[in-house]
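This structure is in C-alpha cells; I'll ask about it shortly.
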Amino acid sequence: MNRICLTLCLVILTLTTAMAQRTTKTSPKFGPPNGKLLIVGGGVIDSELWQKFVELAGGGDARIVVVPTAGMTVPDDGKVPESQVPRILGSLGVHQITILHTTDRSVADSVAFIKPIQEATAVWFDGGRQWHLADSYLHSKTEKAFHDLLERGGIIGGTSAGATIQGSYLVRGDTSGPDIVQGDHTEGFNFLRGVAIDQHILARNRQFDLVPLIETHPDLLGIGINESTAILVTGDQFEVFGASYVAITDANQWKAKRSASPNDSARKGKIYFIGRGTKFDLVTRRVLNRRG
C-alpha cells in the first residue's frame, strides 16, 4: 500500500513539475500573455494597419474602446478630446465603439467607468501628450482593466503618444514639452515590458534621441517607430508593418563582437533600422529575418 502511495505521489510530482515548466516556457517575458499590441509611430495610418487592427479585434463583431485622453488641451477645458477614430472604425464595419475619457482619478477607479473595457475586445489610444494618459490612468482600476483585456486575448493599439504609453519607460513624458526625452513622467503602462518607445523618428529627426536614454538605462531596449509604420507584438516577437522603418537601440549590440548575421549593421553604430516584414525577437534581441 505504501509503495502504491509513493508511486502515485511521484507521478503527481512529475506531472506538476512538467506543467510548471511548460507554463514557464510559454509565458512571454516581454510581450502580453495572450493578447497583441499594435504600436504605430504616428502620422497617416493607412488602411492596411486599420484593417489589421479591426481584424484582430474581431472584425464586425469587435467591441472597441477609444481613449482620446492624450489629445486633451492644456489647461484642461473639461471637454472630451475630439477623435476621428470612431469614424474610421465605423467605415470598416465596426458598430460597437465606446469613447472613454476622464481626468478624474476617482472616476478612473470606478466600476462603472471600466465596464466598457471589461466588455471590449480592443482598446485604441489616440495621439497627443502621453503624460495625460499617465496622469489619468496609471495605477488605477482603468489601467488594470487594460491589462486584463490583454490577458483574455484582446488587442491594444495606439499611435504617437498612444504608442509610447505602451512601453515600460515613458519617453517624452515631460509636462514642459515633447523635446525632453527623459522628463518628469517616466512610467508607461508596461504592456510591452523592458522597452522605451519613441515615435515620428525620421519625420522629426528623432532617430538618435533614444541613444542617451539607453546609455543611462542599458537594460532597456529602445524602439523608435517612424510615421505610417507599426510593430505588431505577439508574445515575445514583433513584426514591422507599414511604409517606413523602425530603429532599434540596444546597448547589448554596442559591446557585441562582429559576426556574420543580419545584425552586423548594429555594430557600426548605436542604432540600426529594420523595415516592413522584418520579424524581431525581444528575448534574444535579434532580427529573425531581414526584409524591407
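Does LYS36 qualify as being touching a helix residue (DSSP H, G or I) at 6+ places or on another chain (Cβ under 7 Å) and touching a residue at least 40 places away in the same chain (Cβ under 8 Å)?
yes
Could you tell me whether ALA57 is out of contact with any Gly (no Cβ under 6 Å at 6 or more places or on another chain), modelled with pLDDT of 95 or more and among the aliphatic types (A, V, I, L, M)?
The answer is yes for ALA57.
Please verify whether segment 25-44 includes one or more residues that are under 16 Å from GLY90 (Cα atoms), at pLDDT 55 or above and in contact with a Ser or Thr (Cβ under 9 Å, 6 or more places away or on another chain).
no
Do you know which of the residues in segment 247-273 that are among the polar types (S, T, N, Q), in contact with a strand residue (DSSP E or B) (Cβ under 8 Å, 6 or more places away or on another chain) and at pLDDT below 90 is farthest from VAL40 (Cα to Cα)?
Out of the qualifying residues, it is SER261.
Another one. Just wondering, is there one or more residues in segment 65-73 that are β-branched (Val, Ile, Thr), over 12 Å from ILE156 (Cα atoms) and without any contact (Cβ under 8 Å) to a residue 24 or more places away in the chain?
Yes, segment 65-73 contains at least one residue that is β-branched (Val, Ile, Thr), over 12 Å from ILE156 (Cα atoms) and without any contact (Cβ under 8 Å) to a residue 24 or more places away in the chain.
Could you identify the single residue in VAL240, VAL181 that is under 25 Å from LEU49 (Cβ atoms), of a type in the set (Val, Ile, Thr) and in contact (Cβ under 8 Å) with a residue 12 or more places away in the chain?
It is VAL240.
Among the residues of segment 199-218, is there at least one that is of a type in the set (D, E, K, R), at pLDDT 95 or above and under 24 Å from PRO33 (Cα atoms)?
So far as segment 199-218 goes, no, none of its residues is of a type in the set (D, E, K, R), at pLDDT 95 or above and under 24 Å from PRO33 (Cα atoms).
Can you tell me which residue among VAL94, VAL65 is buried (at least 20 other Cβ atoms within 10 Å of the Cβ), at negative phi and over 21 Å from the mean Cα position of the chain (by Cα)?
Going through VAL94, VAL65 in turn, the sole match is VAL94.
What pairs can you find where one residue is in segment 121-143 and in a loop (DSSP other than H, G, I, E, B), the other is of a type in the set (Lys, Arg) and modelled with pLDDT of 95 or more, and their Cβ atoms are less than 8 Å apart, with a gap of 6+ or different chains?
Note: pairs meeting the criteria are THR121/ARG63; SER140/ARG105.
The values are calculated or read from the model by the stated rules, or taken from the named source; none is laboratory data. The structure displayed is predicted, hence computed values, not measured ones. Cβ coordinates were reconstructed from backbone atoms using ideal geometry, including for glycine residues, and neighbour counts include every protein chain displayed.
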